[in-house]
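J.: Before I ask anything, let me first share the structure, which is written out below as structure tokens.
We did not get these values from a lab; they are worked out from the coordinates using the rules stated. Everything quoted here is computed from the prediction, not taken from an experiment. Note: ideal-geometry Cβ built from the backbone for every residue, glycine included; neighbour counts use all protein chains shown.
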Amino acid sequence: MAVHECDVCIIGGGITSALLAEKLSELRPSARIIVVEVGRSIFDRENRGRHRLRAMEYGEHPWPDDYIEDQQAKGIISMTMAVGGQALHWGGACNRFSQEDLRLRSMYGLAVDWPLEWDELERAYGEAEGRLNVCGDPSPYPEDARSMPYPQPPMPLSYNLQVLKTWAEQSGLRFSPLPMALISGAALVGALLPDIDHNNSTIRVKTGTARGKGPLGVFGWIGGILAATLGGHRAFTHTGLCFALLAWAVLHWTPVGFQAYALAFLVGYASHIVADMLTEGGVPLLWPLSSKRIGLWR
């Protein structure tokens with residue numbers, strides 16, 4: 001058996017261990033750091049696109065190896081240990097514990113108190129949020145007081161959330177939108193958007209636009225029209241022309257201070273097209289000059 005010497009051994013290969021390894025490498029640049037993960041890598045680059053298509057077409061789990069032998073669950077759920085941990089499925093939400101969560105025993109007679117003070121944890125939260133480039137509004141609750149602002153301003157509320165905020169405030173409830181690692185969130189939206197031309201795609205199901213239903217149903221119809229008139233799924237939204245037009249619009253209209261999010265969105269979009277080029281179906285990258293589907297593995 002091979003022997004690996006190190007100064008620090010981190011158990012678990014998830015996003016927390018990645019942040020810890022980054023911090024340690026900054027504090028001790030010469031330190032030898034090893035991250036140990038009991039699970040295997042389940043990111044199958046060659047078949048990732050096929051798994052995603054089968055998830056849309058047949059409702060199958062898009063991560064076929066993410067399971068525990070003697071258990072079963074419905075829907076898309078992370079169950080097993082694997083390289084990347086929960087980051088394999090993370091959508092960018094960065095909500096905190098509150099001050100009272102550290103004193104459940106003292107305050108409510110539940111569980112146990114944490115062995116650290118809120119000020120210690122809150123400072124660590126602030127540093128982690130800086131590394132993740134979190135955007136958000138300060139919480140309206142005094143128990144969630146912050147020692148530093150979020151690194152980025154909050155995302156604009158959607159119409160649905162604006163209505164919900166009005167209802168909440170009329171009922172005397174304090175409304176606090178979810179803080180997000182916005183670079184990750186912007187990239188995620190960009191990575192999902194090309195599949196707006198597929199009725200059962202994640203972006204249309206999650207936004208309620210599948211089959212033209214929901215408050216944003218008009219986008220579902222737009223996606224359906226694109227698919228019908230431009231050759232079905234993986235048509236116009238998967239072309240270089242579409243990406244170029246989208247890039248021009250996004251970079252042209254993005255407000256000052258939000259350019260990093262625009263770039264993350266475009267990187268996500270481009271990564272989707274590249275990932276689809278790794279599958280057997282390919283994409284019509286050069287449309288309208290050519291309708292030939294281009295694949296990197298052909």
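J.: Could you tell me the relative contact order of the range 112-178? Use alpha-carbon pairs under 8 Å, at least six residues apart, and round to a whole percent.
T.: Computed over the range 112-178, the figure is 30 percent.
J.: Given the options VAL163, ALA128, GLN152, identify the residue whose Cα lies farthest towards the positive end of the charge dipole of the range 112-178 (+1 on Cβ of Lys, Arg; -1 on Cβ of Asp, Glu).
T.: Value: VAL163.
J.: Between SER290 and LEU245, what's the calculated FRET efficiency when r is the beta-carbon distance and R0 is 22 Å? Round to 0.05.
T.: 0.80
J.: Give me the dipole magnitude in Debye, nearest 20, for the range 85-185 about the Cα centre, with unit charges on the beta carbon: positive for Lys and Arg, negative for Asp and Glu.
T.: 300 debye
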